[in-house]
1. In this structure, is residue B:111 away from DNA strand D (no atom under 16 Å from the Cβ) and farther than 24 Å from residue B:301 by Cα?
2. Kindly list, by first and then second residue, each pair from a residue in the stretch A:126-149 that is more than 10 Å from chain B (Cβ to nearest Cβ) to a residue that is part of a helix (DSSP H, G or I), limited to pairs with Cβ atoms under 6 Å and residues at least 6 apart or on different chains.
3. Residue B:195 versus (1) touching a helix residue (DSSP H, G or I) at 6+ places or on another chain (Cβ under 7 Å); (2) modelled with pLDDT of 95 or more: which is the lone unmet condition?
4. Would you say residue B:91 is away from DNA strand C (no atom under 16 Å from the Cβ), within 21 Å of residue A:105 (Cα to Cα) and surrounded by fewer than 22 Cβ atoms within 10 Å (Cβ to Cβ)?
5. Yes or no: residue B:158 touching a residue at least 40 places away in the same chain (Cβ under 8 Å) and more than 14 Å from chain A (Cβ to nearest Cβ)?
6. Give the number of residues within the stretch B:110-162 that are farther than 28 Å from residue A:62 by Cα and assigned to a loop (DSSP other than H, G, I, E, B).
7. Within the stretch B:56-72, does at least one residue satisfy the condition of being in contact with a strand residue (DSSP E or B) (Cβ under 6 Å, 6 or more places away or on another chain), at the interface with chain A (Cβ under 9 Å from one of its Cβ atoms) and either under 23 Å from residue A:65 (Cα atoms) or near DNA strand D (Cβ under 10 Å from one of its atoms) (or both)?
8. Would you check if residue A:110 is surrounded by fewer than 20 Cβ atoms within 10 Å (Cβ to Cβ) and either in contact (Cβ under 8 Å) with a residue 24 or more places away in the chain or more than 11 Å from chain B (Cβ to nearest Cβ) (or both)?
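The values are calculated or read from the model by the stated rules, or taken from the named source; none is laboratory data. Predicted model only: the values in this text are computed from it and were never measured. Don't worry about glycine lacking a Cβ; one is built from the backbone with ideal geometry, like all the others, and counts go over all protein chains shown.
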DNA sequence: GTGAAAGCGCTAACAC
DNA sequence: GTGTTAGCGCTTTCAC
């Protein structure tokens, strides 16, 4: 027998019949146990267990207006930054008895808007991660469902933010302390909010410390782009390279190795995100760690909280710290004593 | 105004009223356009568009018995093998107008069973990837919903299989052709079906070709386990190491580098899966490529197909090829001429 | 404390 | 061709 042949699902009616009560009693036995007499409740629950009854959430949702689903919209599941976030969000959603609808937009803002619109009715709210949608589009979809942003700010939309400026500041200070005075920044995608954050923090801190920074890019946030960028960066006559993210940094690192440029002896290299493989590279990458799993968890909490609250409530953004992990891809610039 | 304040969702009644027709006509305008007169249809569709109406899938599901949801159950989203699969499955599901409910079981068979049971009512079927459930548990949940397996076989449950034996055979032949005669295999988790597949193919091929293989493990499928395993493997006096998967191989590789053991000059190293970072390692890893994204896509197709068909239909397993990608972590054993 | 009944938004007979 | 109606499985008044 194949799965398709499964028997008609057992409903609340079956349970009521078996328990010799009405369906409302069964319903109450589940949701308001206190209000039903102990022995009646027992009978109902036992009958339910015996029949293997589980309430149909869709039917419940129809009447309560709550689906117990949350949507999670990410730009690219395969980008190593996101799995941890997805995992965190999934775990928290499940812990809070919600299912997670996952959508991958392939980095396309139009897909993003369309997908959220399509999902609106079947979820209680959606979490949009690193959204590339315009503020207007964001405002529009926020009308359709409860929206929570991760790693993106927009007016009147609650968000889980990563303090990338803080991490970047640490990175620049680290470089400066080592003796670096000229660095190059490898820009990420132009439309990326993360890139703007990282870039401006880098510029501000550099300026404050009197470091020169030249900029290259924009580049795709990929390993291949890093390979490409490495040669350009080398031509810039800087002693340190700060990449938009680890993927790019890893590409740079590989290309530098291929060209025989020693890291960190000839040039220092800093990544961003601290993806799993940053620490596995050779040399292990100095990078800014971003708490992706925590962001996923917090986003779910924030969403569920927002749904529960009356609108126009208090300020409820979350801000998560990021911090520099110093590993072996950074050191004093050439000609500078190692200690 | 916050999202929570959104106005009551527009229903089919609103559209019918606006279009001056009955709700059934509106419904038909959407699902059986041909059967409704052109101008009536126009009016209905226009009214729907004007009001921003989208059918409530839960309500529809209640009556059609189809939810347009599919469940995807994976052991660990953060394991680099799965994101590609998830991405493939998500894309195909969306293309076929289905939503994807993602669940991460943290490698726990009990969670797995429980999750599928809980999901059964809100999906049309579920795809279980690399399931560690017992055959009995599998048979039980297959009763509850339409089940499709990926990378696991069980009686009477359709599956998308990866021909790991084929890839492993290629790997061993490759090693043998290079001149290797003694290799060590680093086992993955004991309960893993993948490990059994890989291990037995390796043993069979080795035997056929007259290679000795010693086994170590079981190890967790992780980088750290690889680091640990490297030293043990070295003590085995073999000229080649075959790891359960790339993560392990990468750990081995790092540890070998740290100990100053040259790959492939002193020892050859083979991984499995061809995760993104296999090609980024130094040296780039020779590994067996597994078409994860295709597996995800095929699983969705197979599931939807199975749901559509009458039960007990024809045989419908998919088998996907795997193939060796020769990169730079394998070469002739020491003392053997390089050409 | 428990049951009857009215829907939630929708589709699928069944009339007209 | 189009409208009316009976539910899908459930929660929630409202009586009792």
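1. On the way: away from DNA strand D (no atom under 16 Å from the Cβ): yes; farther than 24 Å from residue B:301 by Cα: yes.
So residue B:111 passes the test.
2. These pairs meet every condition: A:127/A:299; A:127/A:303; A:132/A:109; A:133/A:109; A:133/A:112; A:133/A:113; A:137/A:113.
3. (1)
4. Values: away from DNA strand C (no atom under 16 Å from the Cβ): yes; within 21 Å of residue A:105 (Cα to Cα): yes; surrounded by fewer than 22 Cβ atoms within 10 Å (Cβ to Cβ): yes.
Yes: the conditions hold for residue B:91.
5. Values: touching a residue at least 40 places away in the same chain (Cβ under 8 Å): yes; more than 14 Å from chain A (Cβ to nearest Cβ): no.
Here the answer is no, as residue B:158 does not meet what is asked.
6. Here the count works out to 11.
7. Scanning the stretch B:56-72, I find at least one residue that is in contact with a strand residue (DSSP E or B) (Cβ under 6 Å, 6 or more places away or on another chain), at the interface with chain A (Cβ under 9 Å from one of its Cβ atoms) and either under 23 Å from residue A:65 (Cα atoms) or near DNA strand D (Cβ under 10 Å from one of its atoms) (or both), so the answer is yes.
8. Values: surrounded by fewer than 20 Cβ atoms within 10 Å (Cβ to Cβ): yes; either in contact (Cβ under 8 Å) with a residue 24 or more places away in the chain or more than 11 Å from chain B (Cβ to nearest Cβ) (or both): yes.
When the stated conditions are applied, residue A:110 passes them.
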